[in-house]
Amino acid sequence: MLTKASALVTTKWLHNVLKSGVPKDIRILDSSFHLPSSNRNGRLEYEEKHIPGASYFDIDECCDKSSPYGHMLPDTKHFEQYAGNLGIDLSTHVVVYDNSVNYGFFSAPRIWWMFRVFGHETVSVLDGGFMKWCSEELPTTSEVVHVPKTIFHGLYHPHLVKSYEDIANNLKDNSFQLMDARGEGRFMGTKPEPREGIEPGHIPDSKNLCYQDIVDKESGVMLDVKEIKKLFNETGIDLSKPLVSTCGSGVTACCTAFAAYLCGKEDVSVYDGSWTEWYQRSTPDMRFCPSDKKESK
């Protein structure tokens with residue numbers, strides 16, 4: 001099993017690992033995903049350019065397609081099949097990255113979290129992501145690899161996942177802290193959500209720690225642990241108490257959960273449906289949403 005520090009690996013480390021080709025016990029995953037408003041396609045970008053030996057992990061394919069909400073967690077059987085088709089079993093060290101611009105990662109921690117949900121701890125996020133890899137002029141390719149399928153045995157960890165009902169109950173019993181990884185504008189309802197029909201705002205009593213704040217603005221790499229702990233403290237989040245992360249649709253919530261993990265807090269849950277589900281299912285008294293006030297006038 002990886003140490004906590006190894007949950008975050010450097011471009012230098014990965015480049016050295018790949019000098020003689022991809023080792024049999026390592027699988028590299030390009031998990032690039034972009035918001036609907038970005039006009040970008042992660043899979044097409046992967047096919048054009050990626051780290052040698054990388055396979056593509058599509059969160060819109062490895063998901064519960066019966067859900068009305070995007071890229072919700074699949075069931076264990078679905079995840080087992082998807083991971084196995086990528087040549088991943090319980091002995092595999094998974095290294096995941098994405099091609100987010102400016103912030104080093106965006107969707108990669110979502111895949112990190114998914115593997116942990118299904119019992120696989122040997123998974124790392126590439127610090128600085130594809131952006132840093134390319135800035136260092138490290139090798140890239142358009143060759144799509146085909147790896148032999150294997151069998152992945154998953155073990156679902158429910159304590160890492162929260163549902164709408166869990167969040168609704170928490171409004172009454174306040175059993176855990178809730179942090180929101182979106183930007184301040186979306187959180188406060190002053191900037192639009194990227195999904196049609198969803199108004200901005202937040203769940204009552206949640207704290208706003210934007211995922212962009214946990215990385216160095218120039219290099220795109222993670223801040224060091226001392227700085228991350230300071231951010232949590234300044235946001236009013238106590239890492240010694242139960243903590244749940246949310247965002248727009250369950251992607252960047254995994255970034256702040258990952259940051260907490262690096263600080264030694266390994267049990268942060270993610271509200272999978274996040275604000276997209278909450279806005280559609282809650283009543284106005286269960287949310288802070290300026291548009292509700294406008295409509296009631």
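Before moving on, here are some points about what is shown:
- Surface exposure of segment 8-136, expressed per residue as accessible area with a 1.4 Å probe, stands at 39 Å².
- Extent along principal axes [Cα atoms of segment 159-232; Å; largest to smallest]: 39, 31, 19
- Separation of the residue 171 and residue 149 label points, Cα + 7 Å toward Cβ, nm: 4.4 nm
- Solvent-accessible area, 1.4 Å probe, carbon plus sulfur percent, for the chain: 49 percent
- Segment residue 76-residue 121, length gained on full extension (0.36 nm per residue, minus Cα span): 14.6 nm
- Segment residue 85-residue 15, length gained on full extension (0.36 nm per residue, minus Cα span): 22.7 nm
- Tensor-based shape of the chain (alpha-carbon gyration tensor, a/c under 1.5 rounded, otherwise prolate or oblate): prolate
- P(r) histogram, all alpha-carbon pairs of segment 8-136 included - 10 Å bins from 0, percent: 12, 47, 34, 7, 0
- Partner aspartates and glutamates whose Cα lies under 18 Å from the Cα of residue 172, excluding those fewer than 8 positions away in the same chain, are identified as 205, 285.
- Here is the P(r) of segment 98-251: all C-alpha pair distances, binned every 5 Å from 0, give 2, 7, 13, 16, 20, 17, 12, 7, 4, 1, 0 in whole percents.
- For segment 154-230, the per residue solvent-accessible surface stands at 54 Å², with DNA, RNA and ligands left out and a 1.4 Å probe.
- Residues whose placed amide H lies under 5 Å from that of residue 28, excluding near-sequence neighbours: 55, 95
- R0 of 35 Å, Cβ-Cβ distance residue 66-residue 218: FRET efficiency to nearest 0.05: 0.25
- Total formal charge among the other residues, if their Cβ is under 15 angstrom from that of residue 230, Lys/Arg +1 and Asp/Glu -1: -2
- For the peptides 23-34, 234-245, residues were scored by their other Cβ atoms within 10 Å and the scores averaged per peptide; the highest-first order is 23-34, 234-245.
- Dipole check for the chain: with +1 at the C-beta of Lys and Arg, -1 at the C-beta of Asp and Glu, and the Cα centre as origin, the magnitude is about 260 Debye.
- Computed helical MRE - 222 nm, the chain, DSSP H runs ≥ 4 contributing -39500 (n - 2.57), nearest 500: -8500 deg cm²/dmol
- Cα-based shape type of segment 87-172, given that a ≥ b ≥ c are square roots of the gyration tensor eigenvalues and the cut on a/c is 1.5: oblate
The values are calculated or read from the model by the stated rules, or taken from the named source; none is laboratory data. Computed from a predicted model, the values in this text were never measured in an experiment. Note that we place each Cβ from the backbone using ideal geometry, even for glycine, and neighbour counts take in every protein chain shown. Heavy atoms of the whole protein, side chains included, go into the accessibility calculation; ligands, DNA and RNA do not. Shrake-Rupley method; radii C 1.70, N 1.55, O 1.52, S 1.80 Å.
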